[in-house]
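Read the structure below first, then the notes.
The values are calculated or read from the model by the stated rules, or taken from the named source; none is laboratory data. It should be emphasised that the depicted structure is a prediction, and the values quoted were computed from it without experimental measurement. Using ideal geometry, Cβ is built from the backbone for each residue, glycine included, and neighbour counts are taken over all protein chains shown. Each accessible area value is taken on the protein alone, full model and side chains, heavy atoms only, with ligands, DNA and RNA left out. Shrake-Rupley method; radii C 1.70, N 1.55, O 1.52, S 1.80 Å.
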Amino acid sequence: MELQLIEKSDHDQFVQNLISNYQVEGVKRKDGSFLYGSIKAPEELCLDFDCTAIPPRKYFLPPKETLLQFALTPDLEATPVIENDPFILFGVHPYDIKAINQMDRVFARGVPDPHYLKRREAALIIGVDPATVAPRSFWADMGASTVSEGFDLMLTDVGEDFIVEIGTNKGRTLLEEYAKTRPATRDDARERVKIRSRISHICKKRGFAFPKREIPKLLEHSWKEPLWEERAGKCLSCGTCNLVCPTCYCFDVQDDMDLDLAHGERTRRWDGCLLHDFATVATGENFRETRASRYRHRFYRKGLYLFKILDDMACVGCGRCASGCLPDIADPVNLFNKLREEEK
Amino acid sequence: MEKPRVAFFDFASCEGCQLQVINLEEDLLKVLEAVDVVTFREAMKEQSDDYDIAFVEGSITRKSDEERLNGIRGNAKVLIALGSCATLGGINCLKNFHSQEYVKKLVYGDKASSYETYPSRPLKAVVPVDFEIHGCPINRDEFAMVLKALLLGKKPEIPNFPVCVECKMAENICVFERGKTCMGPVTRAGCGACCVTEGSFCWGCRGLVDDPNADSQRDVLATHGLSVQDILGKFRLYTGFSEVAK
């Protein structure tokens, strides 16, 4: 592992150099919350956020995107639309990087998805260790305090300086070209370990009362638990838990025609399994008609179905679903602990 | 293919939804290439009773409105309700919670006996309606989408999910998190969450989704400090005609 050090007084210049040479996207403050957006000046970039309202997933799977453009000619012309403009994503917490790593596998499986993958390839990711913990986060318990891959550079605020871990050669080049650095000492490395363990310790206040590897087994015999019905009675079917989740990736595909009725485009937009019509098919049947069946599905998806594919839960402990759910029924910690209790 | 003949009509309304159609601007020219508009009082002086598609704005607030609406239904192959007044009864239904004599006097004073009125209702309470374009006012892009769907012979995709979805897509910080209250969690999307995006909150103008969790929404509003009366008021503003506002 290679660690470098950027003095805080040199950091703004590093960011400015990146802005001068790249499209830089990073965390900004909005209405008392944090959101990713375009960074035009170093002072806009916020690195001490607890958790963003919307995960960085939007850079690879946008809310709405065009997949292809078509013309209704006798041969039917269709042109794929692939976006791959290079950009830097500056300030991603390890749990969100873990989610991106999972999504990279999901979108590369089976028929690889070029729209996602090309955008992903075009991105340079600069991670940052959390300096504060959001009230509903439990990423430490999900094993997402740190990640060993999925970033080009990883920053840790150690007071006077940032320690930078180099994750890839692209990251190394970025640092060599645009930052004033010096090698980190063994003491710096130890300081990083200390700071990481301190923040992780704060986050560990929330978590599962049992080993999370037991969740798939727990779910295998919880299908008929009354808890699903009980909790789902309050579900607004608003899809917020899906849409703010860094590991939810379902989408709906539609054809939008121009008014000339000869040209059009195929688009896809975010969808969510909690929404009423999510499992409705062309003939009108809805395979998950009830709130309880949709509510249960989300937890089975995170804790069992995707576990079988990823060998890990499709949940990184960001807690966005928990803080975004108005009736407060979406929190995985609360749900799985309660389910485990009922089992006994 | 012969161009479909299209007519616009209005009942009790501000006519703002028809204005949205005129506001299509350059797309309006494309609309006029695709259809023949034969009646549109707000935009032209010609009129005709020979039309295929009728867009009808406004709610029904008088017994005598019914005859005129029946006539339109009889002439049109497809009848589309345009805007909240037509699809839900809209804010006109606020008067339904008072005596009709009282509201008549309030508006017309000593001339009240010269006017007729009855509780407001959406078009579908009087005649069968084929499609509904919600909103106060309508979203003009949605109007264009419905028109295109009709021309292509496919069913228009009117969202059946709440405004929360479009708020997340627009990256709005939740209204409740900003210390205000919002009807978004039970209101049909399709507006792009425009009011929240502009800094306000959702008033519920597009009506409720097909299967709203009204009880949960009431609980959420109460948790955020609204009284029973305030909550009822939130539901009655646009959806006074529906069961949840009773």
Legend entry - Whichever residue in the stretch A:246-262 is at the interface with chain B (Cβ under 10 Å from one of its Cβ atoms) and on the phi < 0 side of the Ramachandran plot and, among such residues, is modelled with the highest pLDDT: A:D252
Inset, instruction - With respect to B:A189, determine if the residue is open to solvent by less than 20 Å² (accessible area, probe 1.4 Å), among the hydrophobic types (A, V, I, L, M, F, W, C) and within 11 Å of chain A (Cβ to nearest Cβ). - result: yes
Legend entry - Among (1) more than 18 Å from A:I125 (Cα to Cα); (2) touching a residue at least 40 places away in the same chain (Cβ under 8 Å); (3) loosely packed, with under 15 Cβ neighbours inside 10 Å - the single one A:N21 does not satisfy: (1)
Legend entry - Hits in the stretch B:199-217 (condition: within 11 Å of chain A (Cβ to nearest Cβ) and open to solvent by 50 Å² or more (accessible area, probe 1.4 Å)): B:D210, B:D211, B:D215
Inset, instruction - Confirm whether A:R291 is touching a residue at least 24 places away in the same chain (Cβ under 8 Å), over 26 Å from the mean Cα position of the chain (by Cα), within 29 Å of A:D141 (Cβ to Cβ) and open to solvent by 10 Å² or more (accessible area, probe 1.4 Å). - result: no
Inset, instruction - Inspect all residues belonging to the stretch A:41-60 and state whether any of them is under 24 Å from A:E121 (Cβ atoms), in the same structural domain as A:I97 (by TED's automatic domain parsing) and open to solvent by 40 Å² or more (accessible area, probe 1.4 Å). - result: no
Legend entry - Subset of the stretch A:64-100 that is closer than 23 Å to A:S38 by Cα and open to solvent by 30 Å² or more (accessible area, probe 1.4 Å) - its residue that is nearest to the other protein chains (Cβ to nearest Cβ): A:K64
Inset, instruction - Hey, could you check the stretch B:126-162 for residues that are charged (D, E, K, R) and open to solvent by less than 60 Å² (accessible area, probe 1.4 Å) and say which is farthest from the other protein chains (Cβ to nearest Cβ)? - result: B:E132
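For every residue, the table says whether it meets (1) in the same structural domain as A:R105 (by TED's automatic domain parsing); (2) of a type in the set (K, R); (3) touching a residue at least 60 places away in the same chain (Cβ under 8 Å).
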| position | (1), (2), (3) |
| --- | --- |
| A:G167 | yes, no, no |
| A:L174 | yes, no, yes |
| A:A179 | yes, no, yes |
| A:A184 | yes, no, yes |
| A:V193 | yes, no, no |
| A:W223 | no, no, yes |
| A:E229 | no, no, yes |
Inset, instruction - Give B:A34, B:A43 a once-over and let me know the one that is open to solvent by less than 30 Å² (accessible area, probe 1.4 Å), more than 16 Å from B:I138 (Cα to Cα) and at pLDDT below 95. - result: B:A34
Inset, instruction - Check the stretch A:321-337 and report whether any residue there is β-branched (V, I, T) and in contact with a strand residue (DSSP E or B) (Cβ under 9 Å, 6 or more places away or on another chain). - result: no
Inset, instruction - Report those helices (runs of 4 or more DSSP H) wholly inside the stretch A:134-228 carrying at least 2 residues which are surrounded by fewer than 19 Cβ atoms within 10 Å (Cβ to Cβ), among the basic types (K, R) and at pLDDT 95 or above. - result: A:169-178, A:186-203
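Each row is one residue, and each column tells you yes or no for (1) among the acidic types (D, E); (2) within 30 Å of B:G74 (Cα to Cα).
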{"residue": "B:A125", "(1), (2)": "no, yes"}
{"residue": "B:C136", "(1), (2)": "no, yes"}
{"residue": "B:L151", "(1), (2)": "no, yes"}
{"residue": "B:V186", "(1), (2)": "no, no"}
{"residue": "B:D211", "(1), (2)": "yes, no"}
{"residue": "B:L221", "(1), (2)": "no, no"}
Legend entry - Positions within the stretch A:315-344 being farther than 12 Å from A:S137 by Cβ, more than 14 Å from chain B (Cβ to nearest Cβ) and in contact with a Phe, Trp or Tyr (Cβ under 7 Å, 6 or more places away or on another chain), in sequence order: A:L335, A:F336, A:N337, A:R340
Legend entry - All helices (runs of 4 or more DSSP H) inside the stretch A:236-344 with 1 or more residues being under 30 Å from B:D141 (Cα atoms) and not polar (S, T, N, Q): A:240-243, A:320-324
Inset, instruction - Give the residue that is farthest from B:E66 (Cα to Cα), with candidates limited to residues of the stretch B:12-30 that are touching a strand residue (DSSP E or B) at 6+ places or on another chain (Cβ under 8 Å) and open to solvent by less than 20 Å² (accessible area, probe 1.4 Å). - result: B:V21
Inset, instruction - Select the strands (runs of 3 or more DSSP E) contained entirely in the stretch A:1-94, then report the ones holding at least 2 residues which are more than 24 Å from the chain's Cα centre (by Cα). - result: A:2-7, A:64-71, A:77-80
Inset, instruction - Please go through the stretch B:218-239 and pick out each residue that is surrounded by 14 or more Cβ atoms within 10 Å (Cβ to Cβ) and part of a loop (DSSP other than H, G, I, E, B). - result: B:H224, B:L226
Inset, instruction - Could you list, in sequence order, all residues of the stretch A:104-116 that are part of a helix (DSSP H, G or I) and open to solvent by less than 40 Å² (accessible area, probe 1.4 Å)? - result: A:D104, A:V106, A:F107, A:H115, A:Y116
Inset, instruction - Looking only at the stretch A:263-287, count how many residues are open to solvent by 30 Å² or more (accessible area, probe 1.4 Å), facing another protein chain (nearest Cβ under 9 Å) and more than 26 Å from B:D215 (Cβ to Cβ). - result: 1
Inset, instruction - Under 6 Å between Cβ atoms, at least 6 apart or on separate chains: pull out the pairs that start in the stretch A:94-106 with a residue that is not assigned by TED's automatic domain parsing to the domain that holds A:V316 and end on any residue that is assigned to a helix (DSSP H, G or I). - result: A:D96/A:P56; A:Q102/A:L310
Inset, instruction - For B:E116, indicate whether it is farther than 25 Å from A:A282 by Cβ, charged (D, E, K, R), outside any helix (DSSP H, G or I) and more than 14 Å from every other protein chain (Cβ to nearest Cβ). - result: yes
Inset, instruction - Collect the residues in the stretch A:316-344 that are open to solvent by 20 Å² or more (accessible area, probe 1.4 Å) and not polar (S, T, N, Q), keeping them in residue-number order. - result: A:G324, A:C325, A:L326, A:P327, A:D328, A:K338, A:R340, A:E341, A:E342, A:E343, A:K344
Legend entry - Selected residue [more than 21 Å from B:E57 (Cα to Cα), assigned to a helix (DSSP H, G or I) and of a type in the set (K, R)] from B:K180, B:K154, B:K105: B:K105
Legend entry - Residue satisfying condition, being within 8 Å of chain A (Cβ to nearest Cβ), at pLDDT 95 or above and either buried (at least 19 other Cβ atoms within 10 Å of the Cβ) or closer than 27 Å to A:S38 by Cβ (or both), within set B:V165, B:V175, B:V196: B:V165
